[in-house]
Amino acid sequence: MAFQKCVWGLLLILIVLGGIYAGLFTPTEAAAVSAVYAFVVAVFVYGDMSLRDVPKVLLGSANMSAMILYIITNAVLFSFLMANENIPQHIAEWITSVGVNWIIFLLIVNVLLLLAGNVMEASSIVLIMAPILFPVAVKLGIHPVHLGILMVVNMEVGMCHPPVGLNLYVASGIAKMGITELTIAVWPWLLTMLIFLGIVTYVPEISLWLPRALGML
């Protein structure tokens with residue numbers, strides 16, 4: 001019974017990932033398709049939202065998008081400045097010159113990204129950190145796909161803890177629970193994600209086997 005109720009929501013995952021891997025649309029187009037699908041399901045299937053609520057939802061989405069885009073704009077300018085001044089290359093040379101190996105480097109990456117996740121939105125962190133971390137990772141022999149997966153997992157952890165955890169606010173609205181109460185409830189799952197992060201960090205094959213099996217590496 002529970003599966004029958006949630007099957008429409010689970011289909012969203014299949015549509016997004018299936019469409020991307022099948023080459024039907026790009027990740028950006030997948031976001032648009034998923035938004036339309038979620039609207040249809042929420043209004044006409046589950047009835048969680050009426051057509052009268054649509055303008056209010058669109059206005060709230062526009063406000064949040066404007067805030068995020070403002071952060072992203074500043075992050076892009078910061079990334080451009082660093083690239084123009086060759087700052088990532090200088091950092092890479094310094095890290096390799098002091099003898100930091102890939103194990104210590106990945107630990108530093110995790111700490112930096114988890115700390116950044118406390119105060120910044122995921123897209124901004126990627127735009128700021130990726131240009132700095134990528135050249136260093138390449139010099140230390142870390143595969144770019146592995147680094148990318150590592151950043152994604154860190155971003156997911158960041159979205160599940162306050163004060164900027166977007167998933168917490170979404171879950172709070174759905175469950176009708178306060179952020180403090182929800183944060184306490186989510187701790188076991190957050191610890192599980194941290195353990196998974198450690199495994200992904202130091203077992204690169206977890207990130208690389210699927211692209212390699214699909215002939216993408």
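The values are calculated or read from the model by the stated rules, or taken from the named source; none is laboratory data. Remember, it's a predicted structure, so these values are computed and weren't measured experimentally. Cβ coordinates were reconstructed from backbone atoms using ideal geometry, including for glycine residues, and neighbour counts include every protein chain displayed.
Residues checked against (1) outside the structural domain of Leu140 (by TED's automatic domain parsing); (2) charged (D, E, K, R); (3) over 30 Å from Val138 (Cα atoms):
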| site | (1), (2), (3) |
| --- | --- |
| Ile15 | yes, no, yes |
| Val33 | yes, no, yes |
| Val45 | yes, no, yes |
| Leu59 | no, no, yes |
| Trp94 | no, no, no |
Residue check for Ala38: at pLDDT 75 or above and either under 19 Å from the mean Cα position of the chain (by Cα) or not assigned by TED's automatic domain parsing to the domain that holds Ala130 (or both) | yes
Some residue of segment 34-42 being surrounded by 11 or more Cβ atoms within 10 Å (Cβ to Cβ), in contact with a Gly (Cβ under 8 Å, 6 or more places away or on another chain), of a type in the set (Val, Ile, Thr) and over 28 Å from Gly215 (Cα atoms) | yes
Residue match in segment 56-64 (condition: of a type outside the set (Lys, Arg), modelled with pLDDT under 75 and closer than 21 Å to Leu127 by Cβ) | yes
